[in-house]
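The values are calculated or read from the model by the stated rules, or taken from the named source; none is laboratory data. Just so it is clear, the model here is predicted, and its values are computed rather than measured. A quick note on method: Cβ atoms are made from the backbone with ideal geometry, for glycine too, and the neighbour counts reach across all protein chains shown. Side chains are part of the model used for accessible areas, which takes the heavy atoms of the whole protein and leaves out ligands, DNA and RNA. Shrake-Rupley method; radii C 1.70, N 1.55, O 1.52, S 1.80 Å.
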Amino acid sequence: MDLSLPLTPRYTQLTAKGLPAGGGGTGATGDDLFTTYAVAATILFTLVVYLFETYLSLRQRSTYRKTQFPRELETTVGCIDAERAKELNGDDGKTATKSDDKPTNTTSGEDGADQKAKVDRNAPLLPQLQSKFQAAQAYGLDKVNFSLFSSAYGTTEGIAFLLLGFMPYFWDASCKFGSTYFGYTETENEIKISLIFMAYTTLIGTITSLPFELYSTFQIERKHGFNKQTIGLFISDKLKGLVLSAIIGGPFMALMLKIIKLGGEKFYLYVWAFIFVFSLFMMTIYPVVIMPLFNKYEPLPEGTLKDQIYALAGQLKFPLTKLFVMDGSKRSSHSNAFMFGFFKNKRIVLFDTLMEQVHDDEILAILGHELGHWKMGHTVTNFVISQLYMGAALYVFSLCYNSNELYRAFGFDDDSRPVPTIIALILFFSTVWEPIDKTLSFVMTVHSRKCEFEADEFSFNLGMSQKLQSGLCKIHLENLGAMCPDPWYSAYHYSHPPLVERLSAMMRLDTKKQSAQKKSK
């Protein structure tokens, strides 16, 4: 392996035959120049991204080492507590009791290391946030330290695989395996060999990522009281995921490669249409067929909350057909709520952990936010954007599809053998398209944050601002969310704005509304 420029993978299809690698040499010009420096450019870009993201993580780590509760959050949540006190206190000064109050456990988890005090849903929020500040800081610090280590490993592994010639080696190994056991040839059975190659790479990826997943789940998450999984459940989930990847991913990949092979110069249009239809198919079957393999979904019990949710859906003309409660506590004490379904068949799922953490009217406000995404077309917009993104990527790929210079640089340098389509796809998206993907990913993060503010405002317009604010605080408490995130880190990574920004934005709306009401009197 030559570590001087130009960089050449240690294993190439020609070196496997005992011949000099055909990745280019000094003095190359034109297309050969791309071949010569493609590996070096890819490594350079990978390192630049890694260093930038590491810098952001170090900035975030410094915020997790702060010991003073953030003043802006203190002021903001103090105002929420004041408003809640006005609502809950009667004329006699006694605190009113919520009709949906339920007794809550003081701890959770399987052992002492897992125990975590639960949020008191009726007590003022600010003292609880202050009491959990150090726990949230410790949780965040553990996560960011882990991410620094895992990203360093991931970058090192990626560069090592590139320099060692991982892809050409395992492609040749796949060809040998297919030929030995099934009689496959590279020219006549490329798609079948591609599936063997994907099985190899998936297995290796699963093995190399497994220690990190185990540490994250059974060390960090358990240490801070979130993990509820057993080793048996973890292994079961992993095996189910691999089986589903084979059952669904295998045929999908085979069909896509076949379309590329038969589609001619306009193959990108046919592949784009195929991916669009497949996306709709997966959006249909995923919540109905796949998700129940991992979690139990039960109808929301009859009661006030169910009636209120259906009333809200009716008010907004949201075609709600079913309401479910999911046993999220089976794996984690983190909480969530989401919607799915097409056209006149919409469904809402509430995590059981969410129902334990907040009041019914706060759940209603959170759903008002989620329904705001639907009402304002955010869901459809994001789907359209993702499809346009895929169409653009496939079009650019079609321009590079026959660029043998790219494939030659990464070890597929035997001109007597056809370049596999699966390899062409992987190399395109990991090299040529990667800078574009990083840029568009950041743009989509900015867009997502904008949508979150708009959905918050939608909930405010429904008269649910106070309940949404308190509900968000409680969820933040339960999840030990970052209370003073670094602005650069959050802008780059967070698809949702930090808590204090969302609360401040809603409070400005409250103040503006109150001022308008005073002027109208």
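If the chain linking L262 and T304 were pulled fully straight, counting 0.36 nm for each residue of separation and taking away their Cα-Cα distance, it would gain 9.4 nm.
Can you find, among G249, F340, V419, the residue sitting farthest towards the positive end of the charge dipole of the chain, where Lys and Arg contribute +1 and Asp and Glu -1 at Cβ? After comparing all options, I get F340.
Between S329 and K17, the FRET efficiency estimated from the beta carbon spacing at R0 = 51 angstrom works out to 0.35. For Kirkwood radius over Cα pairs in Å, several values are listed as (1) 25.2; (2) 24.3; (3) 26.4; flag the one computed from this structure. Step by step, Kirkwood radius over Cα pairs in Å for this structure corresponds to label (3). Roughly what angle does helix 360-375 make with the longest principal axis of the chain, taking Cα atoms, 0 to 90 degrees, to the nearest 10? The answer is roughly 40 degrees. The angle between the Cα long axis of helix 231-244 and the longest principal axis of the Cα atoms of the chain comes to about 50 degrees, rounded to the nearest 10. Go ahead and run the numbers for FRET between Y494 and D415, Cβ-Cβ distance against an R0 of 60 Å, rounding to 0.05. So, using R0 = 60 Å, E works out to roughly 0.80. Against the longest principal axis of the chain, how steep is helix 31-64, in degrees 0 to 90 to the nearest 10, with axes from Cα atoms? In the chain, helix 31-64 runs at an angle near 20 degrees to the longest axis.
Exceedance of the 29 Å cut-off in Cα-Cα distance is limited, within the set K240/K317; K223/K346; K17/K240; K176/K261, to K240/K317; K223/K346; K17/K240. Name the residue farthest towards the positive end of the dipole of the stretch 226-305 from the options G303, G263, I231, assuming +1 on Cβ of Lys and Arg, -1 on Cβ of Asp and Glu, about the Cα centre. Of the listed residues, the answer is G263. The loop-placed trypsin sites (Lys or Arg not before Pro) in the stretch 243-325, going by DSSP, that have at most 16 neighbouring Cβ atoms within 10 Å of their Cβ come out as K296, K317. When its C-alpha radius of gyration is set against 2.2 N^0.38 Å (N residues), the stretch 203-315 gives a value of 1.54. The slack between M283 and A152, meaning 0.36 nm per residue of separation minus the straight C-alpha distance, is 43.8 nm. Calculated from the alpha-carbon coordinates, the stretch 274-323 shows an Rg and a Dmax of 14.6, 44 Å respectively. Label separation (E454 vs F276): 2.2 nm, computed from points 7 Å beyond Cα along the C-beta direction. In this label model, S245 and N295 are separated by 2.2 nm, measuring between points 7 Å along each Cα→Cβ vector. What range in the chain is the longest one free of GluC sites (Glu not before Pro) that are in a loop by DSSP and have at most 10 other Cβ atoms within 10 angstrom? Longest gap between qualifying sites, sites excluded: 303-521. Were the residues from K512 through T75 laid out at 0.36 nm apart, the gain over their Cα-Cα distance would be 155.5 nm. Here the accessible area of the stretch 198-257 is 75 percent carbon and sulfur, with a 1.4 angstrom probe and all protein chains present.
Report the calculated FRET efficiency for L269 and T202 (r = Cβ-Cβ distance, R0 = 35 Å), to the nearest 0.05. Efficiency computed from Cβ-Cβ geometry: 0.75. Of I363, I231, the order by accessible heavy-atom surface (1.4 Å probe, DNA, RNA and ligands excluded), from most exposed downward, is I231, I363. Between F212 and K66, what is the spin-label point distance in nm, taking each point 7 Å from the Cα along the Cα→C-beta axis? That separation, rounded to one decimal, is 2.8 nm. The alpha-carbon atoms of the stretch 371-476 define a convex hull whose volume equals 120 cubic angstrom per residue.
Surface exposure of the chain, expressed per residue as accessible area with a 1.4 Å probe, stands at 51 Å².
Around the Cα centre of the chain, unit charges on the Cβ atoms of Lys, Arg, Asp and Glu (plus for the first two, minus for the last two) sum to a dipole of about 980 debye.
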